[in-house]
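Read through the structure below, which is laid out as structure tokens, and then see the notes.
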Amino acid sequence: MRVPDKPVDESSSALHTPSLPQRQVLDQESFWKTIAIERKRAERSRNSFLLMILQKGSDLRTTSDAEIFTKIIFALATTTRETDVIGWYQVSSAVSVIFTELGLEPGAKSMIKTLTCRVNSALEEHLTESEVQRLRVSCYLFPEEWDRNGPEDASNAPLYPDLIRRDRARKFFSTVKRVIDVFGSLLLLILSGPLFCLAALAVKLTSRGPVFYRQQRIGQYGRRFAMLKFRSMYENSDSSTHREYVQQLIAGVAARHSGNGGGQGVYKLTRDSRVTPVGAFLRRTSLDELPQAINVIKGEMSLVGPRPPVEYEVERYELWHRRRLMEMKPGITGLWQVSGRNRLSFNEMVRLDLRYAKVCTPWLDLKILFQTPRAVIEGAH
């Protein structure tokens, strides 16, 4: 069910006039909740929605804030459906509208253009030319397209105001987590210095190619970054084998492969001809991941969090799978790594990442960090 509409206080906002269409304008709290609900609705229905934010430029001083926003809301009310939702994205600063149930068919993009043109026409009818020119209008489609040509910043973050507010409310936790990340990464690099150098030397002497492997990964809010690892494969290896297995893993039809210890097997390619002998040892002991401490220091990753996926993995995600990247910054280790590691199915991994995002504390991070060496040792046998 949709969040009950909460009309803006008429006495304080002066938004309702006798000629204004009878449409309720949600306050900021209710509107942000509605965005979260629409995201979950889209995950179930596989329909998209469009978030359009209209913000008055700071240099627009021809009218009062109340008057200009009254005109904007009037224009929106005359050009939207009853199922669309109008409300404050930021109170007294930005008004927004959610165009719901747009579908996921290719026509959704053309629908965005149609809706934008319709709103612009309504704005031109009710606002002066100067007001329209200084009005900032931005559009965000959910679900976002995380393709190779997409943005490399957090430009889709406005679709997640509830998560951003949650992060601000967790300011103390975020600060402590960042301190743990920086000092923990520096300590890891210092203590593992000899191993780091030996691993780099072994990679360089046993196969042709660079010591470090830089791979584009997807971080929080769809940010792209180059994740560092010690190179464990032969140079210019084909990724089709891994791509095919990832597709099967996400679809839930991947076969378990027996590890060194046999047992029930793991969801992982254990016999990969692309991997060098040294690379196989580095992967088995997780030493290939040591350089990711540099990503953590740079702020691209955290010590604890969901694993950052490759682009072709995200292409196969169900909509609800994406939440693991929205909720938290990606990490070197995480709750699923110490709860079963590669013996868990993909859906089980995602659910553990989402559970961590809801209950994470500095103490949980420390617990996971202390449990990680044991999980690595057990996984290496």
Which residues, counting only those in the range 276-311, are over 30 Å from T361 (Cβ atoms), of a type in the set (A, V, I, L, M) and either at pLDDT below 90 or touching a helix residue (DSSP H, G or I) at 6+ places or on another chain (Cβ under 6 Å) (or both)? V278, L282
Looking for something assigned to a helix (DSSP H, G or I) and at pLDDT 85 or above - is there at least one such residue anywhere in the range 151-159? yes
Considering only residues that are surrounded by 17 or more Cβ atoms within 10 Å (Cβ to Cβ), under 29 Å from the mean Cα position of the chain (by Cα), in a loop (DSSP other than H, G, I, E, B) and not hydroxyl-bearing (S, T, Y), which ones fall in the range 79-138? D84, L102
For the range 9-46, enumerate the residues that are at pLDDT below 80, within 19 Å of T79 (Cβ to Cβ) and either of a type in the set (A, V, I, L, M) or not in a loop (DSSP other than H, G, I, E, B) (or both). L15, L20
Does V203 satisfy being of a type in the set (A, V, I, L, M), surrounded by 13 or more Cβ atoms within 10 Å (Cβ to Cβ) and free of Cβ contacts under 8 Å to residues at least 40 places away in the same chain? no
Hand me the list of helices (runs of 4 or more DSSP H) wholly inside the range 269-369 holding 1 or more residues that are closer than 25 Å to R41 by Cα. 311-314, 323-327, 346-359
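The values are calculated or read from the model by the stated rules, or taken from the named source; none is laboratory data. Remember, it's a predicted structure, so these values are computed and weren't measured experimentally. So basically every Cβ, Gly included, is an ideal-geometry build from the backbone, and we count neighbours across all protein chains shown.
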